[in-house]
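*Asks:* Would you mind keeping the following structure in view while I ask a few things?
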Protein chains: 2
Amino acid sequence: MVSAQSPLAMKLGIFVVLNNAELAVLDELHRRRRKFVAGRDIVHQGQTKQAAYILAEGWVCSYKLLRDGSRQIIDFQIPGDFLGLRSVLFRTADHNIEPMTPVEASEVLESDLLQAFSTTPRLGTAMLWAASRDEAMVVEHLVGIGRRNALERTAHFLLELNARLTLVGRGTRAGFDCPLSQYMLADALGLSAVHINRVLRELRETGLVTFQKGYVAIHDFDKLVELAEFDRSYLDQEGPLLR
Amino acid sequence: MVSAQSPLAMKLGIFVVLNNAELAVLDELHRRRRKFVAGRDIVHQGQTKQAAYILAEGWVCSYKLLRDGSRQIIDFQIPGDFLGLRSVLFRTADHNIEPMTPVEASEVLESDLLQAFSTTPRLGTAMLWAASRDEAMVVEHLVGIGRRNALERTAHFLLELNARLTLVGRGTRAGFDCPLSQYMLADALGLSAVHINRVLRELRETGLVTFQKGYVAIHDFDKLVELAEFDRSYLDQEGPLLR
DNA sequence: ACGGTCGACTGATCCGCGGCAGGATTGCCG
DNA sequence: CGGCAATCCTGCCGCGGATCAGTCGACCGT
């Protein structure tokens, strides 16, 4: 594993061994680099004519607002993830996208994508794989909110983040940097911030995880997996599916 | 709008005016017709080498089971929807798929799809649109479970079903046939069956909707939309986006 | 040195919904 | 015809998590 690779290349490399031509196309996709400041939304609900991006650095979240002022965070995006792909296809954004940290991202036009697909189809396949893995995570998120209690749900969420970050070289079994506030955690997990605080305390006091000062320290990985009923199948993947 | 069209053609016709060549390709996709009985799962979690299908007749649901025996229904599929597309891309299914009624579906191979894309690209675009609309519904489902109370959540869900069924000619503003039991409704909405029962009673007693004997009768569409905070944008769509 | 803001944290109280237990209704099968 | 299995429906009780109402410390900008 080459540490100098872009996060996206690392992630796709899990699925497919990329050759030089394909790496070059990936590089090409990163041409139009942009920066965003934390807190100012990149995309608003209802906005049309929006570009898609590949996240290079920083964290963003996509969320929906309700009339009563509460919000539900649908997903977080980390380096290597696509941003707003659905907004492009659907022509109008159905959710907001907010950078949680300073963000660097590469703008991707519809035509860039189409060209990448036609000149390097294996790369296209790998991107579809990555996209369906992301969709699978939204589904897992749904299951968590619908059927898991606060403790399991939080544990599961932290493990999921850990798995995703590990794929792009920003986490290990021991832990990862995490810029989330307890409020954001609450909005993601469908709980109140007050209750998240209590749950984090319990996880800390039982010696499973400590989430403090922007760092998630996993003390007992296996017990945490057990508690969260976490499906390790995509963690234990043994090397690329396609050679 | 031609009533003899397949549900899929109706749905795609919302996005794109389909010409005869494209309709022919759609027809061709329906070659390998299969039947399934209610209750016997088509796809199991963890299963590999699975085909994708286009639903022609009947209802199915996709769900995940938890260790404690509870389940979360992720989505329902109705005529015109794709089935297990993600399982094909991902190579191994991450959820179960169960027919809730007798079902007719057409098996679709990866190669069929690729061919359809290359010979009739506009059709491919329309299918991507349809797929991202479906994904948007999973997202809306997530928001509902995370941030809406039981009443709003149920109301929203019924409206969503209504919107989808109307697109394929199986529902109107007045109501639609619905083979769901209260147990399934509960598993979809992350509630208990007992509580669903109470919620349905309340919706009935306030004169908004009646769900009995397999039929959902919407008595006051506008009030229901108001209660559920339902986003009508994709209902009010004024004709195809692409000509 | 000063409010002002934002995030972490806590205790007390309240309520939406789950769990349990049981009755009524319907449809199916022998 | 009776028996059985779903499914619907209801009342009661308790719990998990929301809400309210704070305190405390860190980090602003002035």
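*Asks:* Give me the pairs, please: first residue somewhere in the range A:139-163 and β-branched (Val, Ile, Thr), second residue anywhere and away from DNA strand C (no atom under 13 Å from the Cβ), beta-carbon distance under 6 Å, and either six or more positions apart or on two chains.
*Replies:* Listed pairs, sorted by first residue: A:Val139/B:Ile74; A:Val143/B:Lys64.
*Asks:* Something else now. Sort out which residues of the range A:188-237 are within 16 Å of DNA strand D (Cβ to nearest atom), closer than 30 Å to B:Gln45 by Cα and small (Gly, Ala, Ser), and write them in order of number.
*Replies:* Residues satisfying the conditions are A:Ala188, A:Gly190, A:Ala228.
*Asks:* Return only the number of the condition from (1) closer than 22 Å to A:Gly144 by Cα; (2) touching a residue at least 12 places away in the same chain (Cβ under 8 Å) that B:Asn197 does not satisfy.
*Replies:* So the condition that B:Asn197 fails would be (1).
*Asks:* Another one. Taking A:Val209 as the residue in question, decide whether it is buried (at least 20 other Cβ atoms within 10 Å of the Cβ) and more than 22 Å from the chain's Cα centre (by Cα).
*Replies:* Here the answer is no, as A:Val209 does not meet what is asked.
*Asks:* Could you identify the single residue in A:Ser118, A:Ser70 that is modelled with pLDDT of 90 or more, surrounded by fewer than 18 Cβ atoms within 10 Å (Cβ to Cβ) and not hydrophobic (A, V, I, L, M, F, W, C)?
*Replies:* Of the residues listed, the single one that is modelled with pLDDT of 90 or more, surrounded by fewer than 18 Cβ atoms within 10 Å (Cβ to Cβ) and not hydrophobic (A, V, I, L, M, F, W, C) is A:Ser70.
*Asks:* Restricting to the range B:184-231, name every residue that is within 14 Å of chain A (Cβ to nearest Cβ), charged (D, E, K, R), within 16 Å of DNA strand C (Cβ to nearest atom) and part of a helix (DSSP H, G or I).
*Replies:* B:Asp187
*Asks:* Please list, ordered by first then second residue, the pairs with beta carbon atoms under 7 Å, 6 or more apart or interchain, first in the range B:64-75 and within 7 Å of chain A (Cβ to nearest Cβ) and in contact (Cβ under 8 Å) with a residue 40 or more places away in the chain, second among the aromatic types (Phe, Trp, Tyr) and buried (at least 16 other Cβ atoms within 10 Å of the Cβ).
*Replies:* Listed by first residue and then by second, the contacts come to B:Gln72/B:Tyr63; B:Ile74/B:Tyr63.
*Asks:* Inspect all residues belonging to the range B:166-182 and state whether any of them is within 16 Å of DNA strand C (Cβ to nearest atom) and either in a helix (DSSP H, G or I) or within 10 Å of another protein chain (Cβ to nearest Cβ) (or both).
*Replies:* Within the range B:166-182 (the criterion being within 16 Å of DNA strand C (Cβ to nearest atom) and either in a helix (DSSP H, G or I) or within 10 Å of another protein chain (Cβ to nearest Cβ) (or both)), the answer is yes, since at least one residue qualifies.
*Asks:* Answer yes or no as to whether B:Asp68 is charged (D, E, K, R), outside any strand (DSSP E or B) and in contact with a strand residue (DSSP E or B) (Cβ under 7 Å, 6 or more places away or on another chain).
*Replies:* Taking the combined requirement at face value, the residue does not satisfy it.
*Asks:* Any idea which residue in the range A:94-108 is nearest to the other protein chains (Cβ to nearest Cβ), counting only those that are part of a loop (DSSP other than H, G, I, E, B) and in contact (Cβ under 8 Å) with a residue 60 or more places away in the chain?
*Replies:* So, considering only residues that are part of a loop (DSSP other than H, G, I, E, B) and in contact (Cβ under 8 Å) with a residue 60 or more places away in the chain, the one nearest to the other protein chains (Cβ to nearest Cβ) is A:Met100.
For every residue, the table says whether it meets (1) among the hydrophobic types (A, V, I, L, M, F, W, C); (2) closer than 27 Å to A:Asp177 by Cβ; (3) not in a helix (DSSP H, G or I).
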{"position": "A:Gln5", "(1), (2), (3)": "no, yes, yes"}
{"position": "A:Ile14", "(1), (2), (3)": "yes, yes, no"}
{"position": "A:Leu18", "(1), (2), (3)": "yes, yes, yes"}
{"position": "A:Leu23", "(1), (2), (3)": "yes, yes, no"}
{"position": "A:Glu28", "(1), (2), (3)": "no, no, no"}
{"position": "A:Lys35", "(1), (2), (3)": "no, yes, yes"}
{"position": "A:Gln50", "(1), (2), (3)": "no, no, yes"}
{"position": "A:Ile54", "(1), (2), (3)": "yes, yes, yes"}
{"position": "A:Cys61", "(1), (2), (3)": "yes, yes, yes"}
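*Asks:* Exactly one condition in (1) within 13 Å of the chain's Cα centre (by Cα); (2) basic (Lys, Arg); (3) within 16 Å of DNA strand C (Cβ to nearest atom) is not met by A:Arg133; state its number.
*Replies:* (3)
*Asks:* Now for a different question. Checking A:Gly214 against (1) in contact with a Cys (Cβ under 8 Å, 6 or more places away or on another chain); (2) surrounded by 15 or more Cβ atoms within 10 Å (Cβ to Cβ), which test does it fail?
*Replies:* (2)
*Asks:* Which members of the range A:73-93 meet the condition of being charged (D, E, K, R) and either buried (at least 23 other Cβ atoms within 10 Å of the Cβ) or in a helix (DSSP H, G or I) (or both)?
*Replies:* A:Asp81, A:Arg86
*Asks:* Please verify whether A:Thr210 is of a type in the set (Val, Ile, Thr) and under 24 Å from A:Trp59 (Cα atoms), treating the condition exactly as stated.
*Replies:* Here the answer is yes, as A:Thr210 does meet what is asked.
*Asks:* Surrounded by 19 or more Cβ atoms within 10 Å (Cβ to Cβ), within 7 Å of chain A (Cβ to nearest Cβ), part of a helix (DSSP H, G or I) and at pLDDT 90 or above: is that true of B:His156 in this structure?
*Replies:* Taking the combined requirement at face value, the residue does not satisfy it.
*Asks:* Filter the range B:128-144 down to the residues that are crowded, with 24+ Cβ neighbours inside 10 Å and hydrophobic (A, V, I, L, M, F, W, C), then identify the one that is farthest from B:Gly190 (Cα to Cα).
*Replies:* Applying the filter and picking the extreme gives B:Val143.
*Asks:* How many of the residues in the range B:121-132 are more than 7 Å from chain A (Cβ to nearest Cβ), touching a residue at least 60 places away in the same chain (Cβ under 8 Å) and not polar (S, T, N, Q)?
*Replies:* 5
*Asks:* Right, something else. Out of curiosity, is B:His156 within 16 Å of DNA strand C (Cβ to nearest atom) and within 26 Å of A:Ser62 (Cβ to Cβ)?
*Replies:* It is true that B:His156 is within 16 Å of DNA strand C (Cβ to nearest atom) and within 26 Å of A:Ser62 (Cβ to Cβ).
*Asks:* Oh, and also: Is it true that A:Ser118 is hydroxyl-bearing (Ser, Thr, Tyr), farther than 24 Å from A:Ile14 by Cβ, within 14 Å of chain B (Cβ to nearest Cβ) and out of contact with any helix residue (DSSP H, G or I) (no Cβ under 7 Å at 6 or more places or on another chain)?
*Replies:* no
The values are calculated or read from the model by the stated rules, or taken from the named source; none is laboratory data. On a predicted model such as this, the values are computed, not experimentally measured, just so you know. Quick reminder, even Gly has a Cβ in these numbers, built from the backbone with ideal geometry, and neighbours come from all protein chains shown.
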